[in-house]
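Written out below as structure tokens is the structure these notes cover.
Only the coordinates and a few stated rules stand behind these numbers; no lab work does. What you are looking at is a predicted structure, and each value in this text was computed from that prediction instead of being measured. Cβ placement follows ideal geometry from the backbone for every residue including glycine, while neighbour counts extend to all protein chains displayed.
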Amino acid sequence: MSIQRFETGKRLSEAVAFNGTVYLTGQVANDHCAPDIYIQTQQTLASIDRLLEKNNSDKSRVLMVTIYLTNMDTFGDMNRAWEEWVVPGATPARATVEVSRLAGKEYGVEISVTAAQRTT
Amino acid sequence: MSIQRFETGKRLSEAVAFNGTVYLTGQVANDHCAPDIYIQTQQTLASIDRLLEKNNSDKSRVLMVTIYLTNMDTFGDMNRAWEEWVVPGATPARATVEVSRLAGKEYGVEISVTAAQRTT
Amino acid sequence: MSIQRFETGKRLSEAVAFNGTVYLTGQVANDHCAPDIYIQTQQTLASIDRLLEKNNSDKSRVLMVTIYLTNMDTFGDMNRAWEEWVVPGATPARATVEVSRLAGKEYGVEISVTAAQRTT
């Protein structure tokens, strides 16, 4: 069982896979000036889609997600984008917490993902 | 290796299992009016027991736990319930952090769990 | 597939391994009076090294890390120690969030680690 790394930089890899499970680095919006958390969440989930596809997985195979919001009042906005994204019948385990700050002050949402790779 | 999901709703599944490992959605107290964190933690751990049993695991097979408190001054209250619950000699890895808010303002503790399924 | 636990106490085990993956309890600095987050991070990573070695793994096999800082202004200090520690070409997935408090008020950084064991 070897370890596969994807988009490996000096601090982190965007994805790391081992033993059929892939771990994604906490994803944020591409455009940190995005006006609201609905749009930031959409962009974040698009990044997650891209990373999952590159690592032999997809959003129907997500196992566990941790969502960090900087303001729990945006829980509804995040969930609106989330519910448009998840695959009905294949929703993951999930925890959502409000933290005081993310790595950039502009970010209001960050999402960590653990997913299953395809076994074909 | 297929993915098993349990109590699957439109946002999340309460438990997701893959490759012998089960991930639980962050659990909170059933009664959010519970007067203190000792009782909230007891209720949270009872929910975890229920989900583990339904997913071919139990509290002696917990691997890793993340505990989110909204006030670290309740660390002792949480630990009192925790120590009454854990199986001596089979305690999991654990991280405890204080976050500024959970999904409901009434909640003072949320617990995420990764556990091993039975292999019989 | 049995569960291996390491340095098991009444609340937690410092490391738990199952199915080739090892989970470490959130690590903090040994010396909580360490004057800055660069040094606290160095000490935390040294504890992680020790636990990984004891559990048939090492820093080149880290899969996913969650870093909790109590002040995101120390992100650069943490990263300085981090970049000196990680193995070039083998960096893990990583999420960094600012929480309002760790289990001890003196601590400014806590790190949770999931790693792959050696498969020899």
Filtered residues of the range B:14-72 (kept if crowded, with 21+ Cβ neighbours inside 10 Å, among the hydroxyl-bearing types (Ser, Thr, Tyr) and within 21 Å of residue C:21 (Cβ to Cβ)): B:21, B:23, B:25, B:57, B:66
Check whether at least one residue in the range C:47-58 is more than 15 Å from residue C:112 (Cβ to Cβ) and of a type in the set (Gly, Ala, Ser), and report yes or no. no
Residue list for the range C:74-104, filter: more than 9 Å from chain A (Cβ to nearest Cβ) and closer than 23 Å to residue B:69 by Cα: C:74, C:101, C:102, C:103, C:104
Note on the range B:1-40: residues touching an Asp or Glu at 6+ places or on another chain (Cβ under 9 Å), of a type in the set (A, V, I, L, M, F, W, C) and more than 8 Å from chain A (Cβ to nearest Cβ) are B:6, B:28, B:29, B:33, B:34, B:37, B:39
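Considering only the range B:8-17, I want to know if a residue exists there that is among the small types (Gly, Ala, Ser) and part of a loop (DSSP other than H, G, I, E, B). Before the answer, list the steps.
Step one: of the range B:8-17, the residues among the small types (Gly, Ala, Ser) are B:9, B:13, B:15, B:17.
From what is left, the residues that are part of a loop (DSSP other than H, G, I, E, B) are B:9.
Within the range B:8-17, one or more residues are among the small types (Gly, Ala, Ser) and part of a loop (DSSP other than H, G, I, E, B).
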Residue check, residue B:48 within 14 Å of chain A (Cβ to nearest Cβ) and not in a strand (DSSP E or B): yes
Could you figure out which of (1) buried (at least 23 other Cβ atoms within 10 Å of the Cβ); (2) more than 30 Å from residue B:20 (Cα to Cα) isn't true of residue C:76? (1)
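Going by what's in this entry, would residue A:81 be described as at negative phi and free of Cβ contacts under 8 Å to residues at least 40 places away in the same chain? Lay out the reasoning, then the answer.
Numbers: at negative phi: yes; free of Cβ contacts under 8 Å to residues at least 40 places away in the same chain: no.
When the stated conditions are applied, residue A:81 does not pass them.
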If you go through the range B:79-120 one residue at a time, how many are buried (at least 23 other Cβ atoms within 10 Å of the Cβ), part of a helix (DSSP H, G or I) and of a type in the set (S, T, N, Q)? 0
